[in-house]
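Right, one structure below, let's go through it.
Quick note: the coordinates plus some simple rules give every number you see, no bench work behind them. This one's a predicted model, so the numbers in the text were calculated from it and none came from an experiment. Reconstructed Cβ throughout: ideal geometry from the backbone, glycine too, with neighbour counts over all protein chains shown.
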Amino acid sequence: MTEAFKLGIVVPCYNEEEVLPETTKELTAIIEQLVNTQKITNDSKIVFVDDGSKDKTWEMIDDYSQSNNFVSGVKLSRNFGHQGALLAGVTSASQSCDAVVTIDADLQDDVNAIIEMVDEFIDGAEVVYGVRNNRDTDSSFKRNTAESFYKIMEMLGVKLVPDSADFRLMSKRACEVLLSYKETNLFLRGIVPMIGFKSAKVYYARKERFAGTSKYPLRKMLKLAINGITSFSIVPIKMIMGLGFLIVLVSIALLIYTIVQKIQGDVVTGWSSMMISIWALGGVQLICISVIGEYVGKIFSEVKHRPRFTIERDIYTEKTLKENNTR
């Protein structure tokens, strides 16, 4: 692509009133720089997606949209989660944009990497991943668990881009393909690599959160990890089958051992060993039922075909229609 194109930057927001002024300032500067170098058109937009915030996030987005020509917003009717908010923003922005960048509002992802992403897009890449060049800002626990997660996903046959989250650029065509995936249990980090098309990577150093508190505590991180595993692989189900066969083999071995001991007359009645066996098998059974239940629960949520998000107000579309009418 050699001509200037329209870029949309989608930013999911949940209670981000502390960081929103700086985020708006930095992203506006990036857009202005790209417009001045004639890489993108001056009708490019920052699309803030309010994911049911309880503070003044939406009021601030509304105010910025009136004072800043580059800013627009989408308000969801309630909290649909980070992945749902991202998808809502992509749905809205991709209708009129040639490419869409998704980035979190906390400014941990380097906004300057957007310039390199745009260059890769101009060179022909339709999906450009923002990849961390190190994890120095993470605690040792978070760093080790993240590395373990990527290794597990790789063993399960799920193709992910290691150290890449939801900071990426996608062409309009890539966005359309992404939106054709209709699952309710969203794990975009796993879905986007399935799209195909020419891709590229842009490496950057991740920063500390500019302000506010993290919206992804340990509980949500674990939920996202479990969702990623169970949404893309049935290996855990197969592992349960293997575990079942293993337990049967162990029980047969114990049966043979017991018969031999009986023949030899060396019989020791042990209450402790019996109770340990009962508790161990009971625990294994509960774990297996829980794993199966996770998959059954996903089937339950998928077959209902409920909407993945509900837009209460779309300033971006309103602005786009107004701009088209004035031309």
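Stretched out fully, how many nm does the piece from N185 to S77 gain, at 0.36 nm a residue minus the Cα gap?
37.0 nm
Using the Karplus curve 6.51 cos²θ - 1.76 cosθ + 1.60 with θ = phi - 60°, what ³J(HN,Hα) values do you get for each residue of segment 21-30, in whole Hz, with x for Gly and Pro?
Calculated HN-Hα couplings, in order: x, 6, 4, 4, 4, 6, 5, 4, 5, 5 Hz.
Calculate the spin-label point distance for Q95 paired with Q285, positioning each point 7 Å from the Cα along the beta-carbon direction, and give it in nanometres.
The answer from the label model is 5.4 nm.
In terms of the ratio Rg/(2.2 N^0.38 Å) built on C-alpha atoms, what value belongs to segment 1-126?
Taking the Cα Rg and dividing by 2.2 N^0.38 Å, one obtains 1.00.
Give the cross-link partners of K201 among the aspartates and glutamates, using a straight C-alpha distance below 16 Å as the criterion and excluding same-chain residues fewer than 8 apart.
By straight Cα distance, K201 reaches D109, D110, E116, D119, E120, D123, E126, D163, D166.
Residues of segment 23-59 with amide nitrogen under 17 Å from the 7 Å Cα-to-Cβ point of D123?
Residues 39 qualify, since their backbone N sits under 17 Å from the label point.
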